[in-house]
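Written out below as C-alpha cells is the structure these notes cover.
The values are calculated or read from the model by the stated rules, or taken from the named source; none is laboratory data. Predicted, not measured: the structure shown is a model, and the values here were computed from it. All Cβ positions, even for glycine, are placed from backbone atoms using ideal geometry, and neighbour counts span all protein chains on display. Just so you know, the surface numbers come from the protein's heavy atoms only, side chains and all, with ligands and any DNA or RNA stripped out. Shrake-Rupley method; radii C 1.70, N 1.55, O 1.52, S 1.80 Å.
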Amino acid sequence: MPERRTVALVTLGCARNEVDSEELAGRLEADGWQLVEDAADADVAVVNTCGFVEAAKKDSVDALLEANDLKDHGRTQAVVAVGCMAERYGKELAEALPEADGVLGFDDYVNISDRLQTILNGGIHASHTPRDRRKLLPISPAERQEAGVAVALPGHAPADLPEGLAPASGPRAPLRRRLDGSPVASVKLASGCDRRCSFCAIPSFRGSFISRRPSDVLNETRWLAEQGVKEIMLVSENNTSYGKDLGDIRLLESLLPELAEVDGIERVRVSYLQPAEMRPGLIDVLTSTPKVAPYFDLSFQHSAPGVLRAMRRFGDTDRFLELLDTIRSKAPEAGVRSNFIVGFPGESESDLAELERFLNGARLDAIGVFGYSDEEGTEAATYDDKLDEEIVAERLARVSRLAEELVSQRAEERIGETVRVLVESVDPEEGVYGRAAHQAPETDGQVLLTSGEGLSAGSVVEAKVVGTEGVDLVAEPLAGAFTCDEEAGR
C-alpha cells in the first residue's frame with residue numbers, strides 16, 4: 001500500500017482564514033491526504049496567507065520562505081500559497097516569490113486536492129490574474145444567492161459529506177475538519193463586503209457580500225458542538241449586513257436564539273459589527289438572549305466627522321457615545337472593542353483630539369490602533385493630503401499609550417463583577433486561563449483563575465474578579481459554582 005500523502009496547513013491572519021483552513025483540511029482529508037501539524041513532516045506545506053495590510057503581507061511572505069527552507073532538510077517537497085494574499089496578487093506573487101511552488105486563488109479551493117497533487121508531481125498550475133471579485137456577483141443582493149455558491153463562498157458548493165467531517169444534514173454545509181482541540185471555533189456567517197471604505201481593499205478580493213443560509217450555519221454549529229466546541233464566534237467582513245441578500249436584514253436577530261439553543265453550546269459571540277448599521281432589535285437580542293454574549297466588536301475606525309467622511313464612513317463622537325450608552329443601558333457589563341486608524345490623510349490635530357475625546361468617554365474593553373499606510377487599489381491611496389511618516393508614527397505612539405491606559409482602567413472597573421469564564425487552558429506551571437463574555441479569542445485579554453481544581457479546557461465556571469494585570473483579569477471561582485461538564489453529569 002502506498003504511503004499516504006501528507007499536508008500541513010499554516011494559517012495567518014483573521015478568524016475567517018482559520019475557518020478557510022479547516023474547510024481546506026476537510027476536503028483534503030476526504031480525498032485521502034493525511035493532515036500533520038508540523039510543516040517539516042508534510043509532503044506539502046500550505047500557507048494560508050493574509051493580504052490586508054503591509055505587516056500582514058510581510059508575515060505571510062516570511063512564512064512562505066520559512067516553509068521553503070524545509071525543502072533543504074526535511075520531508076517537505078512543495079510549498080503552496082493560498083488565502084487572501086494569493087487571491088489578491090496571483091501571478092504577481094508567483095513571479096515575485098519563486099520559492100512558492102504554487103499560488104492558488106479562492107476558485108481553486110473546491111479542487112484543492114487535485115491542485116496539490118499536480119504540484120507535488122512536479123506539474124505547474126498557472127496562477128490566476130487577479131480580478132475585482134465584486135464584479136462576479138449581481139449588484140442587487142437579492143440576485144446573488146445562486147451565483148454566490150460558486151464565486152463568493154469557495155468551499156461551500158454542494159458536496160457529499162463524509163461522516164465525521166461535516167454535518168449529516170444540510171448538503172450545502174462545507175466540509176470541515178478541526179485543526180485543534182480548542183473549545184472555541186469560528187463559524188462563517190457570510191463572505192464579502194458591499195461597503196466602500198476608502199482605506200480598505202478587502203472587497204476587491206473577497207467580493208460582494210453574500211450570506212450563508214441559516215440552516216447551513218445551524219448545521220455547522222451542531223457539528224462543532226458534537227466535536228466538543230463550547231463557544232462559537234460568528235465571523236464575516238460585516239455581520240450587521242447578514243440576511244440582506246436573503247430578503248431579511250433582521251435575520252441575525254432570529255438566528256442568534258436558535259444558535260444559543262444548540263445542545264452543548266455555552267456561548268455565541270458575534271464579531272465585526274458596523275456602527276452605522278446597528279439597529280435596536282439587534283442590540284436587544286445581543287444584550288438579552290441567554291448564552292449570546294453581550295459583546296460588541298464595533299468598527300469605529302475614528303470619531304472625527306471629517307476623517308470619517310474621507311474614509312467613506314458615517315458617525316461622529318457624540319453619536320458613537322450615544323450608541324454605547326444605549327448598549328450599556330440594557331447590559332451594563334457588555335464588552336466593547338474597536339479598532340482605529342490614526343494619521344489618515346488630512347487628519348488634523350483637532351481631529352486627533354476629537355478621537356481622544358471619544359476614547360476617553362467610550363470605556364472600551366479592548367482597543368486596536370493602527371497607523372495609516374497606503375493600500376494599493378484603494379481610494380485613500382490617491383489622496384493628496386498625506387501626512388509625513390514621522391507624524392503618523394508619533395500619533396500612533398501617542399494614541400497607543402492612551403489606549404493601553406484606558407483599557408487597563410476599564411479592566412479595573414470590573415473588579416467585583418461576577419463573570420462566566422470559559423476555560424481554555426489548564427497548565428500546572430502557568431495556571432488556568434479562560435475568557436469572560438466580554439473577551440473574544442486572541443484580541444481582548446483573558447482571565448486567570450486563582451484556582452483550577454476540577455477544571456479542564458471547555459469547563460465553564462462563575463468567578464468573581466479580584467484583580468487585574470493590564471487588560472487581563474484575575475478571578476476567583478465562586479464557592480459552589482460548577483462547570484458545564486459537572487452540570488451535565490448531575
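Miscellaneous remarks
- Contacts under 9 angstrom Cβ, first residue in the range 409-429 being at positive phi, partner aliphatic (A, V, I, L, M), 6 or more apart: 416/465; 416/466
- Residues satisfying the stated conditions in the range 85-116, i.e. open to solvent by 50 Å² or more (accessible area, probe 1.4 Å) and under 23 Å from residue 26 (Cβ atoms): 101, 107, 110, 111, 114, 115
- The set of residues in the range 272-304 that are in a loop (DSSP other than H, G, I, E, B), touching a residue at least 40 places away in the same chain (Cβ under 8 Å), out of contact with any Ser or Thr (no Cβ under 8 Å at 6 or more places or on another chain) and not aliphatic (A, V, I, L, M) contains only 302.
- Tallying residues that are open to solvent by 70 Å² or more (accessible area, probe 1.4 Å) and closer than 17 Å to residue 203 by Cβ within the range 117-143 yields 3.
- Residue in the range 404-423 that is open to solvent by 40 Å² or more (accessible area, probe 1.4 Å), part of a strand (DSSP E or B), over 30 Å from residue 272 (Cβ atoms) and of a type outside the set (S, T, N, Q) present: no
- If the condition is being in a loop (DSSP other than H, G, I, E, B) and under 16 Å from the mean Cα position of the chain (by Cα), then the range 225-238 contributes 236, 237, 238.
- Some residue of the range 100-110 being modelled with pLDDT of 90 or more, touching a helix residue (DSSP H, G or I) at 6+ places or on another chain (Cβ under 9 Å) and β-branched (Val, Ile, Thr): yes
- Within the range 95-104, one or more residues are under 20 Å from residue 201 (Cα atoms) and free of Cβ contacts under 8 Å to residues at least 40 places away in the same chain.
- Selection of the range 28-49 for residues being part of a helix (DSSP H, G or I) and closer than 22 Å to residue 75 by Cβ yields 28, 29, 39, 40, 41.
- Looking across the range 197-224 at every residue that is open to solvent by 20 Å² or more (accessible area, probe 1.4 Å) and outside any loop (DSSP other than H, G, I, E, B), the one that is nearest to residue 140 (Cα to Cα) is identified as 204.
- Residue among 153, 165, 120 that alone is modelled with pLDDT under 75 and either charged (D, E, K, R) or out of contact with any helix residue (DSSP H, G or I) (no Cβ under 8 Å at 6 or more places or on another chain) (or both): 153
- Pairs with Cβ under 6 Å, 6+ apart, first in the range 44-70 and touching a residue at least 12 places away in the same chain (Cβ under 8 Å) and open to solvent by 20 Å² or more (accessible area, probe 1.4 Å), second of a type in the set (Ser, Thr, Tyr) and in a helix (DSSP H, G or I): 50/60
- Within the range 184-193, the presence of a residue that is under 19 Å from the mean Cα position of the chain (by Cα), open to solvent by 30 Å² or more (accessible area, probe 1.4 Å) and modelled with pLDDT under 95 is excluded.
- Residue match in the range 55-77 (condition: of a type outside the set (Phe, Trp, Tyr), within 25 Å of residue 191 (Cβ to Cβ) and part of a strand (DSSP E or B)): no
- Residues that are under 30 Å from residue 419 (Cα atoms) number at least 3 in the following helices (runs of 4 or more DSSP H) confined to the range 305-390: 317-330, 349-362.
- Residue tally, condition in contact (Cβ under 8 Å) with a residue 12 or more places away in the chain, within 30 Å of residue 411 (Cβ to Cβ) and open to solvent by 40 Å² or more (accessible area, probe 1.4 Å), over the range 374-397: 2
- Meets criteria (closer than 30 Å to residue 134 by Cβ and either aromatic (Phe, Trp, Tyr) or without any contact (Cβ under 8 Å) to a residue 60 or more places away in the chain (or both)) for residue 359: no
- Residue that is nearest to the chain's Cα centre (by Cα), among those in the range 424-439 that are modelled with pLDDT under 95 and assigned to a loop (DSSP other than H, G, I, E, B): 430
- Candidate set: the range 239-268, residues that are of a type in the set (A, V, I, L, M, F, W, C) and in a loop (DSSP other than H, G, I, E, B); chosen: the one most open to solvent (accessible area, probe 1.4 Å): 249
- Each residue in the range 263-318 was checked for being closer than 29 Å to residue 347 by Cα and of a type in the set (Val, Ile, Thr), and 2 pass.
- Yes/no for residue 30 being free of Cβ contacts under 8 Å to residues at least 24 places away in the same chain, surrounded by fewer than 20 Cβ atoms within 10 Å (Cβ to Cβ) and within 27 Å of residue 188 (Cα to Cα): no
- The number of residues in the range 427-475 being more than 24 Å from residue 297 (Cα to Cα), among the β-branched types (Val, Ile, Thr) and either open to solvent by 60 Å² or more (accessible area, probe 1.4 Å) or in contact with an Asp or Glu (Cβ under 7 Å, 6 or more places away or on another chain) (or both) comes to 2.
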